[in-house]
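Heads up: the structure comes next, in structure tokens.
Quick note: the coordinates plus some simple rules give every number you see, no bench work behind them. None of these values were measured; they are calculated from a predicted model. Here the Cβ is made from the backbone with ideal geometry for all residues, glycine too, and neighbour counts use every protein chain on show.
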Amino acid sequence: MSKTDLMNKYVANCAVLNVKLHNLHWNVIGQQFMAIHKFTEELYDDFFEKFDDVAEKIKMTGEMPVSTIKEYMSLASIEEVSPKDFSTQEVLSIVKSNLEHMRELAMEIREAADKADDFGAVAMFEDHVSGYDKNLWFISVMLK
Ligand SMILES: [Fe+2]
């Protein structure tokens, strides 16, 4: 996959995660409701920003970012979950596997950007990887 194709897949995943994290934010139940409710809010705010930043980075290279929900649904590799009551454990394990997936994709894009001497994208995705590392550490501590 080209750098732009990978970045478009990433944009599509950010769009799906924005919706999916709202689902988890609204439907989590249990004693840790407030902590997980706030954590998922921080994450969807962050993915909303990434969604816009990466799309604009694609524009800067003269390419076209995916811009319709139809395209997001066909390109995304993150799967949605049906709404129900989610335990805090369930939410954390869903979020953990999705962040791991996004971290892998970010690493792949970073490599492609490096090969293309796209230093802006290298810096952007290195930041994303650091952010995923921080949140994955939070999750691993919460799951103990
Ligand atoms: Fe909210």
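Normalised by the number of residues in the chain, the mean separation of alpha-carbon contacts (under 8 Å, six or more apart) gives a relative contact order of 31 percent.
Under a 5 Å amide H cut-off, with hydrogens placed 1.01 Å from N, VAL28 pairs with PHE86 among residues at least 5 apart or on other chains. Axis of helix 33-60 versus longest Cα principal axis of the chain: the two differ by about 10°, to the nearest ten degrees. Maximal additional length on extending the MET34-LYS84 stretch stands at 16.3 nm, based on 0.36 nm per residue less the C-alpha distance.
Spatial offset of region 120-138 relative to region 56-99 amounts to 16 Å, using the alpha carbon center of each. For ASP127 and LYS70, the difference between the fully extended length at 0.36 nm per residue and the C-alpha to C-alpha distance is 17.7 nm. Here is the list for region 31-91: GluC sites (Glu not before Pro) lying in DSSP coil, each with at most 11 other C-beta atoms within 10 angstrom of its C-beta, are GLU79. Hey, what do the phi angles of region 93-98 turn into as Karplus ³J(HN,Hα) couplings, whole Hz, using 6.51/-1.76/1.60 and θ = phi - 60°, x for Gly and Pro? The phi angles translate into 6, 5, 5, 4, 5, 5 Hz. The angle between the Cα long axis of helix 3-27 and the longest principal axis of the Cα atoms of the chain comes to about 20 degrees, rounded to the nearest 10. A simple charge model with +1 on the Cβ of Lys and Arg, -1 on the Cβ of Asp and Glu and nothing else charged puts the dipole of region 3-142 at about 300 debye relative to its Cα centre.
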